[in-house]
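S.K.: The following block contains the structure, expressed as structure tokens.
The values are calculated or read from the model by the stated rules, or taken from the named source; none is laboratory data. Model, not experiment: these values are computed from the prediction. FYI the Cβ positions are ideal-geometry reconstructions off the backbone, even for glycines, and counts take in every protein chain you see.
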Amino acid sequence: MVLRQLTKEESKVRIKELVDEYTTKIKDREHSLDERNTERFIERILQILNWDIDNFDQVLRRDSVKVEDRTKIPDYVLYINGEKKVVVEAKAFSESLDNPKYIKQALEYGYYKQVRACILTNGKEIRVYDPFILSKSSEGKLLFSVHINQYENLFDQRLWFLSYNEIKENTILAKFASKGEVKKPVSEEVIDNIIKGRKFLIDSILHLNKIDDFKVAREHAHKIINRFLFIRVAEDRRFFKEFDHGRILEDRVNIFKKRISQKIKPLMNEIKELFMEINEVYNGELFKPHPCEELKIDSESLEKVIYLMYYIKHENGEEDQVDFSKLDADVLGGIYEKFLGTIIHETKRGKLVEKVDSGVRKEMGQYYTPQYIVDFIIQNTINLYLEENPDKLFSIKII
């Protein structure tokens, strides 16, 4: 059923009624109200702005989760025609939106969802950020804010721009967003970093090792980058339960820096030891002994590559930390497919240049499998098997 869209004047009347309800029924006891009350209040604002909160094609809500022994209010992603348009980071009535942690969460959420309009709200205040604005301060990314006592008076100038039809027309960006430089989507930044890191490795391998075949040097660099990518994704998604450290690549760099004055061994030796440790635990194809581990790679270049695996540095000096756990599976798959399809070539003058070459992916037999295909395969193999053999749940081995 399609809900009737409220006119701007009708929405303004409803907002006034909601503000009055807050003043008479909520304000004096907001500290005693649980998260569900705040959630309902935020959803009523969305409804007044013509978002159909019961339509999964428009509004998706995450389940409440425990964070540091506290229940975190669900976040919302607002869609129009299947495209993410707005993310909402919701906090309780009693929480202050000035908390730097909350602002950081909201900006990261919008950045990794690759959405320009990001709302941070506790119901009684709404702040709208553009996480893609190049600014070292969160204030520089703020499009506008409005307090509950301004909801009615600034409805035309602020709140209405968050309504379904206004978001559909992108008027919020046209009116409030910066006209200056903006960040590229995080997926593009990550692939740029990976390719840049691969260039550093190839250049160092060619200069410090007796390798005449450029393709061999490229394959060695590709192997190392593949391992680094696996480590970074596993770190951020908390797969490395066998290791005490959350950022094991950076840890090796720090160990190396502490020893650098002693001139004990190059950074590549630390990385080789890490590869061996991972292979002992996981015993997979990726970390089996490989000639790339015996290469000479200058420590400065290797440190740069590892930095690129953790951080995105923008032209204005602003730095974002790469968090692979926040990237959707399809985005991560797209990054890897672009990495496979972007090949480094050496010109006759010895310059390294990038070239998109899907034929190399075919030659290497490496492709990203889309999530919907993975889901279909699992549903029609593993799930079917477990339905018929529920007693095998804890003994089944998947290779």
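S.K.: Can you tell me which residue in region 90-120 is surrounded by the most Cβ atoms within 10 Å (Cβ to Cβ), limited to those that are in a helix (DSSP H, G or I) and aliphatic (A, V, I, L, M)?
M.R.: Residues of region 90-120 in a helix (DSSP H, G or I): 100-112.
Subsequent filtering for residues that are aliphatic (A, V, I, L, M) retains 103, 106-107.
On the way: ILE103: 19, ALA106: 27, LEU107: 21.
Per the stated criteria, the residue is ALA106.
S.K.: Right, GLY123: in a helix (DSSP H, G or I) and among the small types (Gly, Ala, Ser) or not?
M.R.: Working: in a helix (DSSP H, G or I): no; among the small types (Gly, Ala, Ser): yes.
No; evaluated as a whole, the condition is false for this residue.
S.K.: Determine which single condition VAL2 fails, assuming it passes every other condition in (1) of a type in the set (A, V, I, L, M); (2) at pLDDT below 90; (3) in contact with a helix residue (DSSP H, G or I) (Cβ under 7 Å, 6 or more places away or on another chain).
M.R.: Failed condition: (3).
S.K.: Looking at (1) crowded, with 16+ Cβ neighbours inside 10 Å; (2) within 25 Å of the chain's Cα centre (by Cα), which is the only condition GLU181 fails?
M.R.: If we test GLU181 against (1) crowded, with 16+ Cβ neighbours inside 10 Å; (2) within 25 Å of the chain's Cα centre (by Cα), just (1) comes out false.
S.K.: Only one of THR381, THR342 is modelled with pLDDT of 65 or more and either outside the structural domain of PHE214 (by TED's automatic domain parsing) or in contact with a Lys or Arg (Cβ under 6 Å, 6 or more places away or on another chain) (or both); which? Explain how you work it out, then say what you get.
M.R.: Numbers: THR342 fails: either outside the structural domain of PHE214 (by TED's automatic domain parsing) or in contact with a Lys or Arg (Cβ under 6 Å, 6 or more places away or on another chain) (or both).
Criteria check complete, one pass: THR381.
S.K.: Additional query: Answer yes if at least one residue in region 176-189 is among the polar types (S, T, N, Q), closer than 30 Å to ARG4 by Cα and in contact (Cβ under 8 Å) with a residue 24 or more places away in the chain, and no otherwise. Before the answer, list the steps.
M.R.: First, the residues of region 176-189 that are among the polar types (S, T, N, Q): 178, 187.
Of the ones still in play, those that are also closer than 30 Å to ARG4 by Cα are none.
Checked region 176-189: no residue is among the polar types (S, T, N, Q), closer than 30 Å to ARG4 by Cα and in contact (Cβ under 8 Å) with a residue 24 or more places away in the chain.
S.K.: Could you tell me whether region 272-281 includes any residue that is under 30 Å from TYR112 (Cα atoms), modelled with pLDDT under 80 and surrounded by 16 or more Cβ atoms within 10 Å (Cβ to Cβ)? Before you say what the answer is, go through the steps one by one.
M.R.: Just the residues of region 272-281 that are under 30 Å from TYR112 (Cα atoms), to begin with: 274-275, 278.
Those still in the list that are modelled with pLDDT under 80 too: none.
Looking for residues that are under 30 Å from TYR112 (Cα atoms), modelled with pLDDT under 80 and surrounded by 16 or more Cβ atoms within 10 Å (Cβ to Cβ), one finds none in region 272-281, hence no.
S.K.: Condition first: under 20 Å from TYR76 (Cβ atoms) and among the hydroxyl-bearing types (Ser, Thr, Tyr). Now tell me which residues in region 118-153 satisfy that. Quick ask: steps written out before the conclusion?
M.R.: Within region 118-153, the subset under 20 Å from TYR76 (Cβ atoms) is 118-132, 141-146, 148, 151.
Residues satisfying the conditions are THR121, TYR129, SER145, TYR151.
S.K.: How many of the residues making up region 279-301 are assigned to a helix (DSSP H, G or I), in contact with a Lys or Arg (Cβ under 8 Å, 6 or more places away or on another chain) and in contact (Cβ under 8 Å) with a residue 40 or more places away in the chain?
M.R.: 1
S.K.: Also, I was wondering about something else. Please determine, by comparing only the residues of region 384-395 that are at pLDDT 75 or above and hydrophobic (A, V, I, L, M, F, W, C), which one is surrounded by the most Cβ atoms within 10 Å (Cβ to Cβ).
M.R.: LEU386
S.K.: Scan region 89-108 for residues that are in contact (Cβ under 8 Å) with a residue 40 or more places away in the chain and either farther than 30 Å from VAL331 by Cα or under 19 Å from the mean Cα position of the chain (by Cα) (or both) and jot them down.
M.R.: ALA90, ALA92, PHE93, SER94, GLU108
So that you can scan it fast, the table gives a plain yes or no per residue for (1) in a helix (DSSP H, G or I); (2) more than 22 Å from the chain's Cα centre (by Cα); (3) surrounded by fewer than 19 Cβ atoms within 10 Å (Cβ to Cβ):
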site: GLU152; (1), (2), (3): no, yes, yes
site: ILE172; (1), (2), (3): yes, yes, no
site: ASP192; (1), (2), (3): yes, no, yes
site: LYS199; (1), (2), (3): yes, yes, yes
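S.K.: Anything in region 27-39 that is surrounded by 14 or more Cβ atoms within 10 Å (Cβ to Cβ), closer than 16 Å to ILE148 by Cα and either at pLDDT 90 or above or of a type in the set (D, E, K, R) (or both)? List them, or say none.
M.R.: GLU30, GLU39
S.K.: Would you confirm whether any residue within region 203-211 is at pLDDT below 95 and in contact with a Phe, Trp or Tyr (Cβ under 8 Å, 6 or more places away or on another chain)?
M.R.: yes
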